[in-house]
Amino acid sequence: MERFEEIIASVLGVMRRERKYYKNFLSQAACNAGMQLCNVMHGAGNELKDAVLELFQKEMPVEHPYMAVWWYSVLMEIKKSAPVFYDFVRYVREHKKAFSKNTLDFLYYQLTFLYDSNPSLYADRTKMELWKLFLETVEAFAFETTVSLEKIPDSARDQNLVLVVIIQYVPVSHAPTVTALDRCRILMERCGKKVLIINTGEAANSLGCIPFIESIVGHNQDLSAQDTVNWKGITIPYFQCSVKMPDMDTINLLLGQIRNMAPERVVLIGGSSILGNLIDRMIPALTISTGFSDLAITGTRYQAVGRKLTEKDEVLLKSIGCDRTHVIESTFTFDIKPQTEKVSRRELGIPEDAFVMAVVGMRLDTEMTDEFLQTLESITDETKYVLFLGDFSTYNERVNAFPALHKKSMAPGICDDVLSRLEVCDLYVNPKRKGGGSSVVEAMFLGKPAVSIAYGDVALNAGEEFCVDTYEEMAEQIRHYCDDKDFYAEMSEKARNRADILLDTEKAFQEIMNEYDRREKE
């Protein structure tokens, strides 16, 4: 304990010294001190973490925005505290003039990644602040455009051309990429439209980056030279920005070209694209949210959400200057990657006679809370087994604390053919989180029932019959599935029926497009 107090005092000393002699950049000493603080707090209890967060918030160098961002990010690494995170987002908004437009965009992506990845941070007021931050960032870019953003009249637009804008293109196991490709297919095959995909590469941009613990950056240039992509037998024209985005010169160039092309309509996959939101000022765009259980953060004229609006939604929309006419209520649908291989439980090292539960996700390191792992631990016995499918690099470190679960589980990592792994499982189990919605559809397609906390994308897709309110109810429901074969068979059939609805993309997307047309004519 004495050693711990010495380190805290030392780190505070560095913060105070740096605050006094700050020279418009973060020193190596401050970076080292922040990392040291994170390391010493690793494994500490919540009470101690809360005390350290309170102490360092009081010492926050609020007069030096770049320095404050660093220390706020350090505090978020120590503990994902909803009140501290809200203060962090508010701070960035209140000091936005201290940052370049690209740094604001960088910070927006870092903050939204934290928010989307950590259920403990979810709060309506925080979502509102993030949304306002994004709109303010779009406005900063709009101020520097050299191309007219005046609306292009309907009569001057190419009625056969649709532009699909995405911020990231990755292999087809990536749900947002599949969302884009399948909607392009429908527009081309069923609606007879010409389609062009523009991949802006804005996701996790590194332009304007400043020191931020565990920052998410990257730009995949592998497809920059490619001018088409193939999907289900069709060839889709494709363009990918070859430079890091959002680059102002490139944005102006693309806006000029798009203004000349004058497409009939624009579909934006995801919402948080600077380019896509600027295009919306010329041609009313439709955002297709990739977090379909929640409103997308976007400034486009319309967005489609995969459920009915709530009173909370209307309050949130009003706070950013919109109303319910901004939102098209719909059923969000999917297309799943075909199964290409067959594996057995023996090949995977899973007990042949076990009741196997699948937990699927690409952010399991942050989504697997102690509360959820404790729930799995409480029901794990000789008859049950858990298969963690996806990115769970901290599996051994995290699950070691739950010996019964560790003994009866495995985490084989990311798999291209998810259906082949789900096929050997009996039940899909989902914690409280926002994402993961496509994986439950894959499970239900195979007739695997689900148990999900009633929150987020998975819960929306699974439907009320497959949801519970608490982890205690989840444990009870898992036992019911395991012990009652008739109940399992009944829910398995319901799962297949639910999947049939969620896989009818053609019907649902055309309904969205029809509603888009109706609203534009009014």
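Taken together, the values in this text are just the output of simple stated rules run on the coordinates, not laboratory data. Predicted, not measured: the structure shown is a model, and the values here were computed from it. Every residue, glycine as well, gets a Cβ built from its backbone with ideal geometry; the counts of neighbours run over all protein chains shown.
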Farthest toward the dipole's positive end in the chain, which of 240, 334, 463, given Cβ charges of +1 (Lys, Arg) and -1 (Asp, Glu) about the Cα centre?
240
Karplus 3J(HN,Hα) series, Hz, for segment 82-96 with 6.51 cos²θ - 1.76 cosθ + 1.60 (x for Gly, Pro):
4, x, 5, 5, 4, 4, 4, 4, 4, 4, 4, 5, 5, 10, 4
With the dipole of the chain worked out from charges on the C-beta (+1 for Lys and Arg, -1 for Asp and Glu) around the Cα centre, which of 188, 359, 119 lies farthest toward the positive end?
188
Roughly speaking, what % of Cα-Cα pairs in the chain are separated by over 41 Å, rounded to a whole number?
25
So what is the relative contact order for the chain, in percent, with contacts set as C-alpha pairs under 8 Å and at least six apart?
11
I'd like to know which of 39, 497, 297 lies farthest towards the positive end of the charge dipole of the chain, counting +1 on Cβ of Lys and Arg and -1 on Cβ of Asp and Glu.
297
For labels at residue 464 and residue 216 in the simple 7 Å Cα→Cβ model, what's the distance in nm?
3.3
Just to be sure I follow the definition: excluding the sites themselves, where is the longest run in the chain that has none of the chymotrypsin sites (Phe, Trp or Tyr not before Pro) in a DSSP loop with at most 14 other Cβ atoms within 10 Å?
144-522
Which of the trypsin sites (Lys or Arg not before Pro) across segment 33-114 are loop residues per DSSP, with 16 or fewer other Cβ within 10 Å?
none
Net charge dipole size for the chain [Lys, Arg +1 and Asp, Glu -1 on Cβ; Debye, nearest 20]
1460
